[in-house]
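The structure appears below as structure tokens.
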Amino acid sequence: MILEAAARLTEILLALALIQQGLEHLRGFRDERLLFGARTVLCVLLVFGVASPWPLVGLAGLSLLILHRFQGPYNGGSDRMGLLALWCLTLSRLAPVPQWKELAFGYLGVQLVLSYFISGGVKIVNADWRSGRALRDVFRFSAYPVSEALRGWADRPRVLRAMSWAVILFELAFPLTLLSRPALIAGLAVAALFHLANACLFGLNRFFWTWLAVYPAILWLQARLF
């Protein structure tokens, strides 16, 4: 996958993810409707490749206004990854020389790898994650499960412990998938299924679409490095 194709695919997927997020604000306050309405228009232009790279520049500027409006990335990790993708794409498109374009876009791929590896590192040093207690508490006490029936999983400690270790080991091993193309594709497929499961079980749909949008960056980076 060449840089231009990977960046273009990332633009389209990110724009669709941002449009989906913006729909949540259609009934918000007037300033929210204006901000996210403008963002949706720019995303549509980005999807169709109109006036490139200026829709990206406009989206980057709007992201600063949205950060000010909500006093930061109000939806946590998915908003941070979306901002990172947006700014890396913008810098890559505006960079005057090919090396800088590659550096900006490659940085996005590196951050994707780190997002999994660091997450696994945080979990493995946490006794609650190693024992499965962290997942048990999510199912039993949090507001995340989309169905009350799912709370019954809290009474399956062995299953939750196995699930916890499966997630931890996968996240820690993810950087190794860069060593071969088939391994990377398989790793991304597993990661996508993980995010999809989180969306279905806990309603964390933003993570699925935002992380999926960044996958072309790591596919390009792997081909560039190996």
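Estimated from helices alone, the mean residue ellipticity of the chain at 222 nm is -26000 deg cm²/dmol (sum of -39500 (n - 2.57) over DSSP H runs with n ≥ 4, per residue). Counting neighbouring beta carbons within 10 Å and listing from fewest to most, the residues S119, S78 come out as S119, S78. Enter the angle in degrees (range 0 to 90, nearest 10) between the Cα long axis of helix 181-202 and the first principal axis of the Cα atoms of the chain, meaning the one along which they spread out most. Tilt relative to the chain: about 70 degrees. When the alpha carbon gyration tensor of the chain is reduced to an equivalent ellipsoid, its three semi-axes come out at 32, 24, 13 angstrom, largest first. The modelled label-to-label distance between R151 and R181, using points 7 Å beyond Cα along the C-beta direction, is 5.0 nm. Over the range 1-101, the alpha carbon radius of gyration divided by the compact-protein estimate 2.2 N^0.38 Å works out to 1.06.
Rounded to the nearest 20 debye, what is the charge dipole size of the range 3-225 about its Cα centre when +1 sits on each Lys and Arg Cβ and -1 on each Asp and Glu Cβ?
Details: 21 positive and 12 negative charges, 73 e Å.
Using Cβ point charges on Lys, Arg, Asp and Glu, the range 3-225 gives about 360 debye.
Checking every one of the trypsin sites (Lys or Arg not before Pro) in the range 1-41 against DSSP loop status and a limit of 12 other Cβ atoms within 10 Å picks out R27.
Looking at the range 34-140, the chymotrypsin sites (Phe, Trp or Tyr not before Pro) that sit in a DSSP loop and have at most 10 other Cβ atoms within 10 Å of their own Cβ are Y74. Across the range 115-179, C-alpha contacts under 8 Å between residues 6 or more apart give a mean separation that, scaled by the residue count, equals a relative contact order of 46 percent. Rounded, prolate or oblate, given the Cα gyration tensor of the range 149-223, with a/c below 1.5 counting as rounded? Oblate, since a/c reaches 1.5 and b/c is not below a/b. The order of D155, D79, going from fewest to most other C-beta atoms within 10 Å of their C-beta, is D155, D79.
Read-outs: derived from the displayed coordinates by stated rules, not from any lab. What you see is a predicted model; the values in this text were computed from it and never measured. Heads up, the Cβs are rebuilt from the backbone with ideal geometry, glycines too, and the neighbour counts pull from every protein chain shown.
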